[in-house]
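Coordinate-derived values only; no laboratory data. Since we're looking at a predicted model, the values are computed, not measured. Positions of Cβ are generated from backbone atoms using ideal geometry, with glycine treated the same way; all protein chains shown enter the neighbour counts.
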């Protein structure tokens, strides 16, 4: 490897530490028996066991997985067709649609989305607030911009007309064209968007804390309580959330490499 | 090519979802902000914001916090974005991957991490105290405004890095070299070549940071509860049990949207001016 020189080496080490050190804190904490001084002491899996044994936290794990999966599925249902349609649009219509998709989440941060959902859906006949359904809707909303960006990028790199015509001229029917031409080309981008939505949903606290009632207690809501009550359980929950982020992130990196390879 | 009917139908799920769960709730919220608890039209919710010093302080704090956080993020992110393309390709890729990791990380996990690192008995605080023989009551307070800005930097710097790294990679090296060969001094190269190319992306990144920080409250709440008075925290508290007042929350939300929108418009105007004067 080329020599970096002292300035770049120091800068690089500090920059890597700035991300790696905080992320490793919950992980180290969750495996240590005791950590009051500079160095942690001992090794244990007790805090993970406690996290799984405690009804409130183990239940919230199930809720979180269910909510994140549903948010991903809903996003697929909404963003994949939309991404395809937008990729076929041209000129002003397309500029407008993408601008709305980009600017809306900026102007409407989670705290606003939460307040608005509460106000709109707290009275019959639309009394959804406090239900798991409301949390799923909120997470779907937050995942939208990312999912649409990813699917749109996939469809944009793909010249569907030319490819489809080529496949059709070789005698492929609609199903075969979908199966062998469109899906394999779009899948990595879509999956990568799905992982991103999943990771965001699993960690989401802000909107969830506003619209979730007692039945929709997700992991971050439990984490919020445990940071005050029991740092041990909090460390196990935090570490678990770090693992989910890392797995999703590695998946996205792998998919990204896959894409580059194919295009390059 | 014009969109065919069958293709327009594909936009329907998106349109329905946005209408029902985004635009309709916002509309309800805007209307409710002009009604009192019994549904009688009133401006009281807004007048209360002007009358009550707590709200005015919250707005001021939010603006200061968002400015500080956005600047820290912008400067830090620009530095990382500048450094990354100057590293060997593998390190370059690794650094940028690492800096996209915080985007998916829960704000509460980050709060937890920084409590362990920089809380009163935080690992870093203990290390610095031992190293320099400092007394126990000298430490970096993660629960102060500085601390909160530092914790948010963990999100803001990576966010800005992704924008700026792309900008620096696109910066035409040959243009910079041509300027140097023509005898331009380093500061002249920066002033006339590099800054005009980077400025639009920088300002766009800055607006995203600023807008995000104005609405942020999760990590603050985990660190200090309601002890820091921010507009987003006020809204949150008005939607939860203790100080439940939805019309007031609605009015505060409308004010927050208005502030964010004006900041975005303002930065957009600056961006256009820079683009125009950059001549590129």
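What to note about this one:
- Mean partner shielding of peptide A:205-213, defined as the number of other chain Cβ atoms within 10 Å of each residue Cβ, is 4.
- Taken over the range A:179-236, the convex hull of the Cα atoms encloses 118 Å³ per residue.
- Percent of C-alpha pairs per 5 Å bin in the range B:123-280, short distances first: 1, 8, 12, 12, 13, 12, 10, 10, 9, 7, 3, 1, 0, 0.
- The label point for residue A:103 and the one for residue B:51, both projected 7 Å from the Cα toward the Cβ, are 3.5 nm apart.
- Radius of gyration, Dmax [the range B:21-60; alpha carbons; angstrom]: 12.2, 33
- Against the rule of thumb 2.2 N^0.38 Å, how large the Cα Rg of the range A:28-76 comes out: 1.65
- Dividing the helix sum by the residues of chain A, where each DSSP H run of 4 or more adds -39500 (n - 2.57), gives a mean residue ellipticity at 222 nm of -26000 deg cm²/dmol.
- In plain terms, the chain from residue B:31 to residue B:173 could stretch by 45.8 nm, reckoned as 0.36 nm per residue minus the Cα-Cα distance.
- Average projection, convex hull of the Cα set of the protein assembly as shown: 30.7 square nanometres.
- Average projection area in nm² (convex hull over Cα atoms of the range B:1-151, one quarter of hull surface): 18.2
- For the segment A:116-128, counting C-beta atoms of other chains within 10 Å of every residue's C-beta and taking the mean gives 5.
- The alpha-carbon atoms of the range A:50-159, seen along their principal axes, cover 54, 32, 24 angstrom, with the largest extent given first.
- Centroid-to-centroid separation of the range A:78-112 and the range B:1-77 [C-alpha atoms, Å]: 17
- Mean Cα-pair separation over length for chain A, i.e. relative contact order, pairs under 8 Å, 6 or more apart, %: 29
- Descending Cα extents along the principal axes, the range B:89-142, whole Å: 44, 27, 11
- Between 0 and 90°, nearest 10: helix A:231-263 axis offset from chain A longest Cα axis: 20
- Based on DSSP H segments of at least four residues, each scored -39500 (n - 2.57), chain B has a per-residue ellipticity at 222 nm of -23000 deg cm²/dmol.
- Segments B:105-112, A:169-176 sorted - mean Cβ within 10 Å per residue, highest first: B:105-112, A:169-176
- Computed over the range A:105-228: relative contact order in percent, which uses C-alpha pairs under 8 Å that are six or more apart: 41
- Label-to-label distance, residue A:56 versus residue A:33, with points set 7 angstrom from Cα along the beta-carbon direction: 2.8 nm.
- Extension gain, residue B:16-residue B:60: 0.36 nm per intervening residue step, less the Cα-Cα distance, totals 12.1 nm.
- On Cα atoms only, tilt of A:110-120 relative to the major axis of chain A in degrees: 80
- Sorted on the mean count of surrounding Cβ atoms within 10 Å across their residues, most packed first, peptides A:185-198, B:71-84 read A:185-198, B:71-84.
- All-pairs Cα distance distribution in the range A:42-109, expressed in whole percent, bin size 5 Å: 3, 13, 12, 13, 13, 10, 8, 8, 8, 6, 4, 2, 0
- Förster radius 35 Å - calculated FRET efficiency between residue B:145 and residue B:273, Cβ distance, rounded to 0.05: 0.65
- P(r) tail fraction, the range A:1-65 - alpha-carbon pairs more than 14 Å apart, %: 72
- Taking every alpha-carbon pair under 8 Å whose residues sit at least 6 apart, chain B reaches a relative contact order of 27 percent.
- Values of log10 I(q)/I(0), in the order q = 0.13, 0.16 Å⁻¹, for the range B:159-229 under a Debye, Cα-only, solvent-free model: -0.55, -0.67
- Largest to smallest principal axis extent of the C-alpha atoms in the range B:203-280, angstrom: 55, 27, 12
- Cα convex hull of the range A:68-223 - mean projected area over all directions, nm²: 10.7
- Relative protection proxy for A:26-33, A:225-232, B:150-157, from highest mean packing down: B:150-157, A:26-33, A:225-232 (other beta-carbon atoms within 10 angstrom).
- Descending semi-axes in Å of chain B, equivalent ellipsoid built from Cα gyration tensor: 37, 31, 19
- Distance in nm between pseudo-label sites at residue A:73 and residue B:184 (7 Å out along the Cβ direction from Cα): 5.7
- For q = 0.10, 0.11, 0.12 Å⁻¹, Debye-computed log10 I/I(0) when each Cα of chain A counts as one equal scatterer: -0.68, -0.80, -0.91
- Between 0 and 90°, nearest 10: helix A:160-169 axis offset from chain A longest Cα axis: 60
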